[in-house]
Every structure is written in C-alpha cells, then in structure tokens.
Amino acid sequence: MTINIALLGFGTVGSGLPELLLENQQKLEMILEKKIVISKVLLRNQEAIEQARANGFDYPFVLSMNEILQDDSISIVVELMGRLEPARTYISQALSAGKNVVTANKDLLAIHGTELRALAKENHVALYYEAAVAGGIPILRTLANSYASDKITRLLGVVNGTSNFMMSKMVEEAWSYDEALQVAQELGYAESDPTNDVDGIDAGYKLAILSEFAFGMSLSASEVQHSGIREIDKSDVEIAQQLGYVIKLVGEIVEVESGIFAEVSPTFIPKTHPLSSVSGVMNAVFIESLGIGESMFYGPGAGQKPTITSVLADIIRVVKRMNDGTIGKSFNEYSRKTKLAKPENVKNKYYFSIETPDSTGQFLRLVKIFTSEDASFEQVLQQKGDGKRAIVAIICHSLNQVQLKNIREKLNREVDFSLLNSFKVIY
Ligand SMILES: NC(=O)C1=CN([C@@H]2O[C@H](COP(=O)(O)OP(=O)(O)OC[C@H]3O[C@@H](n4cnc5c(N)ncnc54)[C@H](OP(=O)(O)O)[C@@H]3O)[C@@H](O)[C@H]2O)C=CC1
Ligand SMILES: N[C@@H](CC=O)C(=O)O
Ligand code: NA
C-alpha cells in the first residue's frame, strides 16, 4: 500500500526528500508497512519545471494548488515554500480539504499558528512542524512528550544557524560580514530574506513556537523582543574575550512569578557554559527545569539534509497516527493563558560598553549613574584610549528590566558619554 504526498516548493529543503526516502526505504516500509510516494510537486512556473527535470527529477509537476486539493489519493501536503503567502492560503485549503500538513515554515507558525492549529483540529487532521525550530534537532516533539512530566523555568537557545555560522566565521576566521553571509546563503542556511536571520527575527519566530511547547503560552511576534548580530561591534567581541566570554545571538524565555518574558539578543556567554561551544551552523536549546535540572539539545540548525530529515520524521509520525487511527491529535497539548512578566521581575546581568572622555573624574560620573539605579559592578575594563576618548566596559550584577532601561536612558542623556552597546550576560 502507498501513502501519497504532495510537495509545495522544491528548493533547498524540498529537493532533498527524494534521496532521503530512497536512503531509508527499507526502514520506512518496515516501520510503516506502507510506501511513501511523492505523487505531486507544486512548482512556481514552467521554467521551474524544466529546471527540476534538468536536475534529474521526474515527478508529476503541477502549477496549480487545485490539482493537489482535488486529488483524493493525497493524504499529506508538505509545505516547503516558506514565507506567509501563499503558504497560509494553501495550508488552510489543504487542512479544510481533510489533508494532513507538514511544514518547516516558522514565520507562518509564529504568526498564524493559532488559526492554523484550530483549522487542523476542526478537520481532525495533523499539522506538524518539527523542522521549523532548530532544523535537525528533534526539540518540539521532545518538549511535547518527554517534558510532559516536568516544569520548565527557563529556556536558552542558539536557534539561528545562519547568524551563528556568520559570527563563528567572522570571529574565529576573520571573514567579513558580506563573505560570511554569502557563504551561508550558498550552503542553503539562510532564509530567502536573510534580514530575518541576521536581525533576530527568525530566532524570534522560533522562540514564539518554543514558548508554546515549553511554557504552554502563545506569544505574538511583537511580544518577543529581538535584536541581531548587526548590533555587535568588533570591540565587543574583543572585550568579551578578555573578560572570559563569547558573544552569540541567544533567545531566552524565562518564567517568573508574574509571567513569561522572551527575547532574542546578542548575549555574553561564559566560556564555561555549554552554549559557548555551539559554533557554525550548529544550534542548541538549553533547558532549566524543576525535574531534570539542566539539559541541552544540540545539532545542526539549518541545511538541506538535517532539515528534510526532521520533515520526514513528521511525515512518518502522520502515517503512524493514520495507521493507529489517532490522527487529529494536536502536536502540542500544553496550553495556558499567556501572562507576560512584569519588567521588574525579569533579572539578568548586563554588559555595557561606554565611550567617555579620557580624563579625570569620568569614572566617578559612571559610578554615580549606576549607583543611582542601585546597580553594582562585577567586572570593569578600560581599554587604552587615545588620550581624548576611552572605552569603559562594565559587567553589572543582576539588574531588572526597569533598572536596565533607566541606566540606558541616563547614559544616553549624559553629556560627553556615548553608550556603544549593552548586552545580556548569562551565568
Ligand atoms: N534552509 C534551511 O536550512 C531551513 C529552512 N527551513 C524552512 O523551510 C522552508 C523552505 O526553505 P528553503 O528550502 O531553504 O527555501 P528555498 O527558497 O530554497 O525553497 C523554496 C522553494 O519554494 C518555491 N516557491 C516559493 N513560492 C512558491 C509558489 N507560490 N509556488 C511554487 N513554488 C514556490 C521557491 O521558488 P522560487 O525560488 O522561484 O521563489 C523555492 O524553489 C522555509 O519555510 C524555511 O524557513 C526550516 C529549517 C531550515
Ligand atoms: N535560516 C534558518 C534556517 C533554519 O531554520 C537558520 O539559519 O537557522
Ligand atoms: Na526541530
């Protein structure tokens, strides 16, 4: 017996499915007692069809979604086009037509996930998206299943492969930003609009999805604060190095007494922390929970093979559920009312890099500003200046979001001082 699937989009990720199915053919037939067959592939235009054929692919290529919707033999639609539209429309149509959907589209799930999950539920079909977060790492299903017996208090993640690859190449091998981005694109890591990768938007989408699985709370994209690697200056990297840290783009979700707080930001990670060694395209999700304690899940966050492997795992899961007669159960059953944390309850250590005049009394002015917000210094470093301007780097003991905002504002207002950067420091 066969399971017929349709592919929407045949780019970096999608075009990896034929080979993966072939590689695992015997195992799949043993597990499922059915053969998975790609029975239609939706492409953009005739040119794309000719290109796919020239690349050695010979499938029933179609140019209209209706051909897939009207084909009753297709039970699973695999969306790998990316972006919001027409993916949202096609997925909605597929779910409404009683077809199961597998996708890797984090943008869509982070923004329209609630509506799509409701549609899947209403139509008793599956909507799975393991590949949408941290590519090859099986993190969503692990959170849904293995953490059901635990309470997660904090999640830290290096969840964008492109920006982590770029940072690693720029810091460890002195590549330029443009060179690093170009290679990330050539290797198939980057989004079609790489702004999402470098500015923390893609990682923010992934955090919104992780929040549902780990904390049972939905966050809109605007409730996940984000900044990206373009904020990081060479001097920050050097200072981090001298003080015993590495800088990475890290997503954090923490639950405090008043609710949850989520943000993606350049972050100082102590060299002794397991996340500090996550380099290149590798991703990791570090979890603090009451039951297990500390755990970390590590693996490739982008790239064709790891990503399509996660997609195929979802397809297999759908087929298993069809076999068991349990199709329609949601991917994640943990759901609570979203409560956002009060800023005064969210605490972290922070790094500040401040340019000051290189003259007597400047340090005292800095001390006054930080002391006025009840902040104390943990580490201080002054770079040798040019006699006129100096850069002072400070790492503060724990500050809450209100203190942080006030200190940033006061430093920005202070005549002759220039706040160059301020990043979170994890410990
Ligand atoms: N690459 C990776 O490592 C990872 C990607 N993902 C996600 O997987 C999805 C696919 O990514 P990826 O394969 O890298 O992207 P690509 O851009 O390489 O592939 C997408 C393909 O879909 C085609 N497409 C777009 N719109 C349409 C349309 N309306 N009709 C038909 N075809 C269309 C594109 O054609 P055209 O080129 O003409 O636009 C392209 O060939 C995205 O959601 C991405 O975020 C998730 C994890 C990792
Ligand atoms: N562009 C993304 C792809 C995977 O989600 C990344 O680089 O992480
Ligand atoms: Na994953």
Cα convex hull of the stretch 69-210 - mean projected area over all directions, nm²: 10.2
Mean residue ellipticity (222 nm) of the chain, computed from DSSP H runs ≥ 4 via -39,500 (n - 2.57), nearest 500: -11500 deg cm²/dmol
Alpha-carbon spread of the stretch 343-425, three principal axes, descending order, Å: 41, 21, 18
Where labels lie 7 Å past Cα in the beta-carbon direction, separation of residue 26 and residue 313 in nm: 2.3
Amide H contacts under 5 Å for residue 248, placed H, 5+ residues apart: 267, 269
Cut-off under 5 Å, modelled amide H: who pairs with residue 258 long-range: 342
Neighbourhood charge, 15 Å Cβ-Cβ cut-off, centred on residue 299 and excluding it, Lys, Arg +1 and Asp, Glu -1: +2
Given charges at beta-carbon only (K, R positive; D, E negative), |dipole| of the chain in Debye: 880
Whole-number percent relative contact order across the chain, with pairs defined as alpha carbons under 8 Å at least 6 apart: 16
For the stretch 148-300, radius of gyration divided by Kirkwood radius, i.e. Rg to Rh on alpha-carbons: 0.97
Convex hull per residue volume in Å³, alpha carbons only, for the stretch 273-353: 193
On Cα atoms only, tilt of 87-96 relative to the major axis of the chain in degrees: 50
Derived scalar couplings ³J(HN,Hα) [the stretch 340-347; Karplus, 6.51 cos²θ - 1.76 cosθ + 1.60; whole Hz; x for Gly, Pro]: 8, 5, 6, x, 6, 8, 9, 10
Normalised contact order of the stretch 343-425, rounded percent, pairs of Cα under 8 Å and 6 or more residues apart: 48
Computed over the stretch 190-235, the ratio Rg/Rh where both radii use C-alpha atoms and Rh is Kirkwood: 1.07
Distance between the stretch 247-287 and the stretch 315-341 - C-alpha centres, whole angstrom: 26
Share of alpha-carbon pairs per 10 Å distance bin for the stretch 252-291, given as whole %: 21, 51, 26, 3
Surface accessible to a 1.4 Å probe, residue 342 within the full protein complex, Å²: 110
Reference-scaled alpha-carbon Rg (2.2 N^0.38 Å with N residues) for the chain: 1.09
Gain in span if fully extended, residue 221 to residue 67, counting 0.36 nm per residue against the direct Cα distance: 52.1 nm
Helix axis angle, 106-122 relative to the chain longest principal axis, alpha carbon, degrees: 40
FRET efficiency estimate (nearest 0.05) - Cβ-Cβ, residue 53 to residue 121, R0 45 angstrom: 0.70
Residues whose placed amide H lies under 5 Å from that of residue 389, excluding near-sequence neighbours: 358
³J(HN,Hα), Karplus 6.51/-1.76/1.60, whole Hz, each residue of the stretch 231-244, x for Gly, Pro: 6, 7, 9, 3, 5, 5, 5, 5, 5, 4, 4, 5, 8, x
Length-normalised contact order for the stretch 148-300 - Cα pairs under 8 Å, 6+ apart - percent: 35
Accessible area of the chain belonging to carbon and sulfur atoms, whole % at 1.4 Å probe: 49
Cα gyration tensor, the stretch 1-122 - rounded (a/c under 1.5), prolate or oblate: oblate
Alpha-carbon spread of the stretch 186-263, three principal axes, descending order, Å: 38, 34, 19
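The values are calculated or read from the model by the stated rules, or taken from the named source; none is laboratory data. The structure presented is a predicted model; accordingly, all values stated were derived computationally and were not measured. Using ideal geometry, Cβ is built from the backbone for each residue, glycine included, and neighbour counts are taken over all protein chains shown. Quick note on the areas: whole protein, heavy atoms, side chains included, nothing else; ligands and nucleic acids left out. Shrake-Rupley method; radii C 1.70, N 1.55, O 1.52, S 1.80 Å.
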